[in-house]
Amino acid sequence: MIKHLLILLIMFGFTFVQAQNEYDDEVPPADTEEFVGFNKKGKEKKKRLDQCRLRVGGAAGFLIGNGELGFNISPIVGYQVVEDRLEVGGGISYDFYRFREPGLKYTENTVGGSIYLRAYVWEGLFAQFKGVVQKTYIEQNQTAIRQENIFGGVGYQYPIADRAFMNFGLEINLIPYDLSIANSKGKRIPSPFFQFQFCF
């Protein structure tokens, strides 16, 4: 009797384990997700918008030969008030020029500041206005000449890297130069410009 009861108990246990395994196979797998915070579940991560509105850069130049030596540097900082449409900014500049020949030496230092307003018309094409104030110190006669002017111009911004640009164009002074100043060659002089800009 005990032997029959033991066999019955073993068979019942085996049937229970088998049924339990079949039940486990029917249970759907647990779908665990990483907690991303309240009110954020199901939302995709938004890509950070790269506005690249703050621009820094400028230009530099160097001249040597035939008794002449000169260099200039003009850093600028700009900000796009309307992205890819309207940019305002300003900068400072320093120019050094020296001319030497037997019996003659001429040296001048020019410091100044500028502000500009640039409107991007189409793609990289832009039009701009620039106000400039400069003071030139002539070493030989200990004089200083102050000059103020407004320049209008057009140019093109060419991307040379992911966050770097080269600006080049042509501008002209809107206020006629004073021809009594020795270094003035005309009332209005068109001149090319080149700049580099980087954004963050």
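The values are calculated or read from the model by the stated rules, or taken from the named source; none is laboratory data. A quick note: this is a predicted structure, and the numbers were derived from the prediction, not measured. Note that each Cβ is placed from the backbone with ideal geometry, even for glycine, and that neighbours are counted across all protein chains shown.
Details
- Pairs linking a residue in region 47-72 that is among the aliphatic types (A, V, I, L, M) to a residue that is loosely packed, with under 13 Cβ neighbours inside 10 Å and modelled with pLDDT under 90, with Cβ atoms under 6 Å and 6 or more positions apart or on different chains, are 54/200.
- So residue 78, is it in contact (Cβ under 8 Å) with a residue 60 or more places away in the chain, within 18 Å of residue 155 (Cα to Cα) and among the small types (Gly, Ala, Ser): yes
- Residue check for residue 118: farther than 21 Å from residue 147 by Cβ, touching a Cys at 6+ places or on another chain (Cβ under 7 Å) and in a strand (DSSP E or B): no
- Top-ranked residue in region 156-178 [being in contact with a Cys (Cβ under 9 Å, 6 or more places away or on another chain) and assigned to a strand (DSSP E or B); ranked as nearest to residue 189 (Cα to Cα)]: 165
- Checking residue 140 against (1) surrounded by 12 or more Cβ atoms within 10 Å (Cβ to Cβ); (2) more than 22 Å from residue 61 (Cα to Cα); (3) not aromatic (Phe, Trp, Tyr), the condition it does not meet: (1)
- Leading residue by the ranking (modelled with the highest pLDDT) among those in region 38-78 that are basic (Lys, Arg) and either loosely packed, with under 10 Cβ neighbours inside 10 Å or more than 24 Å from residue 163 (Cα to Cα) (or both): 40
- Residue within region 99-107 that is surrounded by 14 or more Cβ atoms within 10 Å (Cβ to Cβ) and assigned to a loop (DSSP other than H, G, I, E, B) present: no
- Which numbered condition residue 94 misses (of (1) among the hydroxyl-bearing types (Ser, Thr, Tyr); (2) at pLDDT 95 or above; (3) in a loop (DSSP other than H, G, I, E, B)): (3)
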